[in-house]
Amino acid sequence: MREASALLTECKNVLVERHKQYGEAVEVHQRMGALMGPQLGIEINAQKAALAMVQLKMARIAGGITNEEVLKDTIRDAINYLALSWECKE
């Protein structure tokens, strides 16, 4: 359980840093959805945009990442995007 707890602490630290770099997650994901939606011919809200990013990270993990640090970073990103999907709910 210590590793999981440490990973979640890292996730929180990354979220704080990304907020400083990119701004409010809801706004970023709204813009992402506004750009993706017309390309796909569907409406994509902020929550769906964040969930799409979770799926991207999961696809990478399922592809078999062999580098442990890259795998950890990808898992951390997936966790954070999942948490952001909650923040982006309408």
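Here is a yes/no grid of residues against (1) in contact with a helix residue (DSSP H, G or I) (Cβ under 7 Å, 6 or more places away or on another chain); (2) within 20 Å of LEU8 (Cα to Cα); (3) modelled with pLDDT of 95 or more:
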{"site": "ILE42", "(1), (2), (3)": "no, no, yes"}
{"site": "GLN47", "(1), (2), (3)": "yes, no, yes"}
{"site": "LEU51", "(1), (2), (3)": "yes, yes, yes"}
{"site": "ALA59", "(1), (2), (3)": "no, no, yes"}
{"site": "LYS72", "(1), (2), (3)": "no, yes, yes"}
{"site": "ARG76", "(1), (2), (3)": "yes, yes, yes"}
{"site": "LYS89", "(1), (2), (3)": "yes, no, no"}
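Sort out which residues of segment 61-90 are open to solvent by less than 60 Å² (accessible area, probe 1.4 Å), of a type in the set (Gly, Ala, Ser) and in a helix (DSSP H, G or I), and write them in order of number.
Of everything in segment 61-90, those that are open to solvent by less than 60 Å² (accessible area, probe 1.4 Å), of a type in the set (Gly, Ala, Ser) and in a helix (DSSP H, G or I) turn out to be ALA78, ALA83, SER85.
How many residues, within segment 1-23, are open to solvent by 70 Å² or more (accessible area, probe 1.4 Å) and in contact (Cβ under 8 Å) with a residue 12 or more places away in the chain?
2
Any residue at all in segment 40-60 that is surrounded by fewer than 17 Cβ atoms within 10 Å (Cβ to Cβ), of a type in the set (Val, Ile, Thr), under 16 Å from the mean Cα position of the chain (by Cα) and part of a helix (DSSP H, G or I)?
No, there is no match, as no residue in segment 40-60 is surrounded by fewer than 17 Cβ atoms within 10 Å (Cβ to Cβ), of a type in the set (Val, Ile, Thr), under 16 Å from the mean Cα position of the chain (by Cα) and part of a helix (DSSP H, G or I).
The values are calculated or read from the model by the stated rules, or taken from the named source; none is laboratory data. Only a predicted model underlies this, so the values are computations on that prediction, with no experimental measurement involved. Backbone-built Cβ (ideal geometry, glycine too); neighbour counts: all protein chains shown. Just so you know, the surface numbers come from the protein's heavy atoms only, side chains and all, with ligands and any DNA or RNA stripped out. Shrake-Rupley method; radii C 1.70, N 1.55, O 1.52, S 1.80 Å.
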